[in-house]
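Structure record follows, encoded as structure tokens.
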Amino acid sequence: MNVVLFGPPGAGKGTQAKELSNHYKIPHISTGDILRANVQDGTELGNKAKEYMDKGELVPDEVLIGIIRNRLAEPDCESGYLLDGYPRTIPQADALSDILTDIDKPLQVVLNLDVPDEELVIRLSGRYVCKCGNSYHLTFNPPENTGICDTCGKELYQRDDDKEDVIRQRLISYHNKTHPLIKYYGDRDLLVNIAGAGDINEVFDSIIHVLDMYDLT
Ligand code: ADP
Ligand code: AMP
């Protein structure tokens with residue numbers, strides 16, 4: 001199954017991707033997670049990326065294209081892939097298409113999680129995350145024990161870029177640079193819109209319904 005999970009920041013891509021990856025046994029590839037791991041490890045790439053991430057701007061295309069090319073070449077992608085947070089620009093989408101041709105794993109569907117901006121701000125400003133990749137919300141998806149990850153027991157924290165001014169900048173970047181990909185993938189008959197404003201289980205059921213209808217292997 002070769003899928004892009006698309007949508008603005010806070011649409012629920014990470015939340016859904018984690019469940020979908022378990023359900024369909026395909027790797028969840030989040031470029032945001034890869035960049036944050038590099039920031040955490042203090043790599044050269046991480047130090048460069050942090051300058052952009054802290055401001056809510058996109059990291060340059062050539063950096064992301066290199067990351068995704070390497071990641072898709074790993075053996076676990078034999079079973080397919082679930083991309084989350086990539087592509088975010090038209091040059092990234094063009095590069096993805098070339099990479100997927102090279103590895104003979106063409107994209108089958110782009111699921112666009114549609115959520116209004118004001119809801120995104122509420123979601124992102126209440127988000128708490130864990131190092132293991134889990135994402136919670138103070139109100140909409142709280143952990144069983146306040147401040148502690150249900151899965152691994154580690155302490156939850158707020159992302160540096162989940163502050164209101166940075167959130168607004170991320171939404172501007174999304175509308176200017178990423179939103180045009182809806183037309184890009186629509187023109188290629190790959191786009192399916194999913195109402196992302198329902199609760200987490202409802203959205204999951206809608207996605208499963210679409211993917212099962214496509215009967216992707
Ligand atoms: P993205 O990966 O698209 O940036 P996340 O999956 O991290 O978004 O979700 C952003 C925030 O919204 C998190 O706090 C998450 O718990 C919460 N969330 C995700 N899906 C929903 C939903 N359907 N309804 C309400 N809150 C949600
Ligand atoms: P995310 O975890 O998807 O919300 O991404 C967090 C931040 O990482 C973004 O605000 C960008 O600065 C950077 N980032 C993640 N993916 C990409 C991408 N495909 N292109 C450019 N920047 C990215």
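Points to keep in mind about this one:
- Direction-averaged projected area, Cα convex hull, region 150-217: 7.5 nm², rounded to one decimal.
- Set of aspartates and glutamates with alpha-carbon distance to residue 154 below 16 Å, sequence-local pairs under 8 removed: 144
- Stokes-Einstein D in µm²/s, Kirkwood radius over Cα pairs - region 1-78 at 20 °C with 1.002 mPa s viscosity: 157 µm²/s
- Difference of contour (0.36 nm per residue) and Cα-Cα distance, residue 52 to residue 202: 50.6 nm
- Measuring between alpha carbons in the structure, the pairs from 25/105; 25/50; 131/163; 25/48 lying more than 21 angstrom apart are 25/50; 25/48.
- Normalised size of the chain, defined as Cα radius of gyration per 2.2 N^0.38 Å with N residues, equals 0.97.
- The 3J(HN,Hα) values that the Karplus relation (6.51, -1.76, 1.60; θ = phi - 60°) gives for region 59-65 are, in residue order, 6, x, 3, 4, 5, 5, 5 Hz. Gly and Pro appear as x.
- Rel. contact order, % - alpha carbon contacts under 8 angstrom, at least six apart, region 40-103: 30 percent
- Computed over the chain, relative contact order equals 30 percent, with contacts defined as Cα pairs under 8 Å that lie 6+ residues apart.
Computed from the coordinates by the stated procedures, all read-outs in this text should not be read as laboratory data. The structure presented is a predicted model; accordingly, all values stated were derived computationally and were not measured.
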